[in-house]
1. Got a sec? Which of Ala107, Ala113, Ala152 is without any contact (Cβ under 8 Å) to a residue 12 or more places away in the chain and not basic (Lys, Arg)?
2. Can you confirm whether the range 66-84 contains a residue that is part of a loop (DSSP other than H, G, I, E, B), surrounded by 14 or more Cβ atoms within 10 Å (Cβ to Cβ) and in contact with a Leu (Cβ under 9 Å, 6 or more places away or on another chain)?
3. Restricting the range 30-47 to residues that are hydroxyl-bearing (Ser, Thr, Tyr) and in contact with a Lys or Arg (Cβ under 8 Å, 6 or more places away or on another chain), which is nearest to Thr144 (Cα to Cα)?
4. Here's a check for you: in the range 33-64, which residue that is in contact (Cβ under 8 Å) with a residue 60 or more places away in the chain and assigned to a helix (DSSP H, G or I) is surrounded by the most Cβ atoms within 10 Å (Cβ to Cβ)?
5. Among what's in the range 1-29 and is at pLDDT 95 or above and either within 11 Å of the chain's Cα centre (by Cα) or in a loop (DSSP other than H, G, I, E, B) (or both), pick the residue that is surrounded by the fewest Cβ atoms within 10 Å (Cβ to Cβ).
6. Go over the candidates Asp128, Asp93 one by one and state the one that is touching a strand residue (DSSP E or B) at 6+ places or on another chain (Cβ under 8 Å), among the charged types (D, E, K, R) and farther than 21 Å from Thr38 by Cβ.
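The values are calculated or read from the model by the stated rules, or taken from the named source; none is laboratory data. Note that the structure is predicted; figures quoted are calculated from it, not measured. Every residue, glycine among them, receives a Cβ derived from its backbone with ideal geometry; neighbour counts consider all protein chains shown.
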Amino acid sequence: MIRADHVRLFDVEEDVPDAPEAIPFGVADIKRTGTDVTIVAMSHAVRRALEAAEELATEGISAEVVDPRTLVPLDHGAILTSVGKTGRLIVVDEGHRSAGVGAGIAAMIAERAFESLRKPIRRIATLDVPIPFSPPLERFVEPTTAKIVAVAMDLVG
């Protein structure tokens, strides 16, 4: 089994179940339900998406956060159902914008649920540049909570 841990999750502390629980392959986790916009995010970006959803709620915007958990197989049904409900999609991918997972998810929705969309799909991904050493420049090129909030407000507003 290949294990890919995100370095920014190393210091995260949360409650865990007493007994091990298997994560089912191909079954997404709806981290937060919502009605106005769907945010699909993976790994560390899920934390950013949930922070954004909290902030959006203070503005009266209800964001649904979907964590696919596995990419192969990908839970197309959960994402399609969520987009069918909200009519808006933001894909947050910490990979580079070109040819990344986010592009694949956006293409899947465009191919299978275009008629459900009220607004164009929006992607927030790492810019197609090498990751800078400078923390302010790194924040500039990567997905952030503020970027998710701004895109969501633009889509819903």
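1. Ala107
2. As a first pass, look at the range 66-84 and keep what is part of a loop (DSSP other than H, G, I, E, B): 68-75.
Remaining after also requiring surrounded by 14 or more Cβ atoms within 10 Å (Cβ to Cβ): 68-70, 74-75.
Applying the additional criterion that residues be in contact with a Leu (Cβ under 9 Å, 6 or more places away or on another chain) yields 68.
Taking every residue of the range 66-84 in turn, at least one turns out to be part of a loop (DSSP other than H, G, I, E, B), surrounded by 14 or more Cβ atoms within 10 Å (Cβ to Cβ) and in contact with a Leu (Cβ under 9 Å, 6 or more places away or on another chain).
3. Checked the range 30-47; the qualifying residue nearest to Thr144 (Cα to Cα) is Thr38.
4. Ala52
5. Across the range 1-29, the extreme among qualifying residues is Val27.
6. Just one listed residue meets the conditions, Asp128.
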